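The values are calculated or read from the model by the stated rules, or taken from the named source; none is laboratory data. Values in this document were obtained by computation on a predicted structure and should not be read as measured data. Here Cβ is always computed from backbone atoms with ideal geometry, including for glycine, and neighbour counts include all displayed protein chains.
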2 protein chains.
Amino acid sequence: MYNINLLFCCNPTEQTGVDTHLQIFGIKLPLVQPGDDLVSLTIESSKRSGTQILDRDILVFSAKVVGVSQGRLLELSKISPSEKAKALATLYNLDPSFTEVVLREADAVLGGVEYALLTIKKNVVIANAGVDQSNAPLGYVALWPEDPQRSAEDLRGRFRENGLDVAVLITDSRTLPMRMGNSSVALGVSGFRPIEDLRGRKDLYGRAMRVKRLAVADNIASAAQLVMGETSEQTPVAVVRGAPVQYGEGFRIDEAIIPMNECLIMHIVGKRPL
Amino acid sequence: MYNINLLFCCNPTEQTGVDTHLQIFGIKLPLVQPGDDLVSLTIESSKRSGTQILDRDILVFSAKVVGVSQGRLLELSKISPSEKAKALATLYNLDPSFTEVVLREADAVLGGVEYALLTIKKNVVIANAGVDQSNAPLGYVALWPEDPQRSAEDLRGRFRENGLDVAVLITDSRTLPMRMGNSSVALGVSGFRPIEDLRGRKDLYGRAMRVKRLAVADNIASAAQLVMGETSEQTPVAVVRGAPVQYGEGFRIDEAIIPMNECLIMHIVGKRPL
């Protein structure tokens, strides 16, 4: 019921029953190499499986597979760790060269736990600045695309060239406050609005909402993570169909970001409890 | 490919194409009142719409609708705000009686921004301790179920009495670090494991994962939020079908929680950057 047309064409309080039907498909790809055309691989793989990609589908790509296709790989044996990287590596049980890459990639390092540094990169709270060994060729680490927002737009353009009017989301897994497991965060978006603004909408009793916005892109990223493999499943792409998003041009992930000093959690935590 | 049987019955590297097919339906309910039987209402509403609930579906309920059905409503005019509540209400532009209820419900108050206090309740980082005016009767606020984990188990038992072997998840919306919109968090789970533990699994190149766990329950909560209304949509229930979860008995939300002093984000943030 988020689509603007739907909001005007029906009154949701008049009926009961099923409202929205959303579908998510995982797309298994062959092993992706630097220089591979991800869009062709995705279209071919989906056709082979009998599930065509349709206009208005949202195609979700892991930052890892996009980075690898762009050749964003570094050979760890060629990296000279700085003294700072060596010290942090000792402190948090990390490889010194890996730690050096994280320091180069991160906009800020906030601290660490065993095997991970907590960093800020492009205003996203993320472990190890998105640098990751898993599913990179042995001896290498994979980096985020240089500009995930631009990559989302480029991938969408390539689908258009193939006759498909889809939206694109680029995602990475992320740590959540006080939760054991990783969820997923949206890094780049093209073709739909990443935030749903509910301010001013009325609740069941006619009360106007004052603050509520929904992290639609992050929710789609997290939903897609349910079908995207993190180990050897080779499923770095998901198709999300029927999501109640606002399609359109010019939307960017920037809209979904709050700077650190304005964030309810990051601004407050660490101060003394009241 | 998370299902244990699937892990043994096929080699995911041998094929390309669509892997998992996940479906999410929103269920529109009539206006829920204290004392209403949520399970009967959900089953009736789903039948009326022609979409039957099936065994192994995951039924996602908002904490709000579960709390309301349990009569967890407070009339604000009957609440006397303390001096502390009045001071915080002035500071953050909140109603003093509402603030008093938040103080009573929260295990810890970490700070605030306009219209919201950041709190910890049952080891969940949440705005206003889950106390909410929206979609509560006018003059009232709705609280979380007293024990969301127990409520998930009770609801699942009631579905069983109706011949349906489903899993149940109870969710609320939550604030995310440095993100503009709310996502969703799992508060109680029954019938599937809330965390997917990937430690020891091999990646594409045979490398064993060291730290990775996935927040499966939170991801399902966030996926369901895409179809569940926050304003007047009257869609407080979602059916998630085909999610690759580990079904079973005895799983509890506790497994998904990290105490504050062990959390990568909450433990570190506020300390000096390195």
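Some points to look at:
- Residue under evaluation A:Asp165, criteria (1) touching a strand residue (DSSP E or B) at 6+ places or on another chain (Cβ under 6 Å); (2) of a type in the set (Asp, Glu); (3) over 23 Å from A:Gly67 (Cβ atoms), criterion not met: (1)
- Residue pairs whose Cβ atoms lie under 6 Å apart, separated by 6 or more positions or on different chains, with the first residue in segment B:58-86 and farther than 18 Å from B:Val32 by Cβ and the second polar (S, T, N, Q), are B:Leu76/B:Ser97; B:Ile79/B:Ser97; B:Pro81/B:Ser97; B:Ala85/B:Thr99.
- A:Ile170 falls short of the stated requirement of being in a strand (DSSP E or B) and in the same structural domain as A:Leu103 (by TED's automatic domain parsing).
- Taking first residues from segment B:106-133 that are on the phi < 0 side of the Ramachandran plot and partners that are assigned to a strand (DSSP E or B) and hydroxyl-bearing (Ser, Thr, Tyr), the Cβ contacts under 7 Å between residues at least 6 apart in sequence or on separate chains come to B:Ala106/B:Thr119; B:Ala108/B:Thr119; B:Val109/B:Thr119; B:Leu110/B:Thr119; B:Ile126/B:Thr119; B:Ala127/B:Thr175.
- Count - residues of segment B:106-141 that are over 20 Å from B:Ile253 (Cβ atoms) and of a type in the set (A, V, I, L, M, F, W, C): 9
- Options A:Gly248, A:Gly200: the member that is under 28 Å from A:Ile58 (Cα atoms), small (Gly, Ala, Ser) and modelled with pLDDT of 95 or more: A:Gly248
- Residue within segment A:212-232 that is without any contact (Cβ under 8 Å) to a residue 12 or more places away in the chain, within 24 Å of B:Ala221 (Cα to Cα) and within 13 Å of another protein chain (Cβ to nearest Cβ) present: yes
- Qualifying residues in segment A:169-223 (those that are within 17 Å of A:Leu22 (Cβ to Cβ) and of a type in the set (Asp, Glu)) - the one nearest to the chain's Cα centre (by Cα): A:Asp218
- Selection within segment B:96-146 - polar (S, T, N, Q) and under 24 Å from B:Val32 (Cα atoms): B:Asn128, B:Gln133, B:Ser134, B:Asn135
- Residues satisfying the stated conditions in segment B:198-224, i.e. assigned to a loop (DSSP other than H, G, I, E, B), in contact with a Ser or Thr (Cβ under 7 Å, 6 or more places away or on another chain) and surrounded by fewer than 24 Cβ atoms within 10 Å (Cβ to Cβ): B:Leu198, B:Arg201, B:Asp203, B:Leu204, B:Arg207, B:Met209
- Residue in segment B:168-187 that is within 8 Å of chain A (Cβ to nearest Cβ) and surrounded by fewer than 19 Cβ atoms within 10 Å (Cβ to Cβ) present: no
- Selection from segment B:101-123 of residues that are of a type in the set (Lys, Arg) and within 24 Å of B:Ala256 (Cβ to Cβ): B:Lys121, B:Lys122
- Given (1) surrounded by fewer than 20 Cβ atoms within 10 Å (Cβ to Cβ); (2) within 28 Å of B:Glu262 (Cβ to Cβ), index of the condition A:Ser77 fails: (2)
- Check on B:Val227, of a type in the set (Val, Ile, Thr) and assigned to a loop (DSSP other than H, G, I, E, B): yes
- Flag for B:Gln15 being modelled with pLDDT of 95 or more, out of contact with any helix residue (DSSP H, G or I) (no Cβ under 7 Å at 6 or more places or on another chain) and closer than 17 Å to A:Phe25 by Cβ: no
- Residue in segment B:95-114 that is within 21 Å of B:Leu138 (Cα to Cα), in a strand (DSSP E or B) and either of a type in the set (D, E, K, R) or under 22 Å from the mean Cα position of the chain (by Cα) (or both) present: no
- Within segment A:115-133, being more than 10 Å from chain B (Cβ to nearest Cβ) and in a loop (DSSP other than H, G, I, E, B) holds for A:Lys122, A:Val131.
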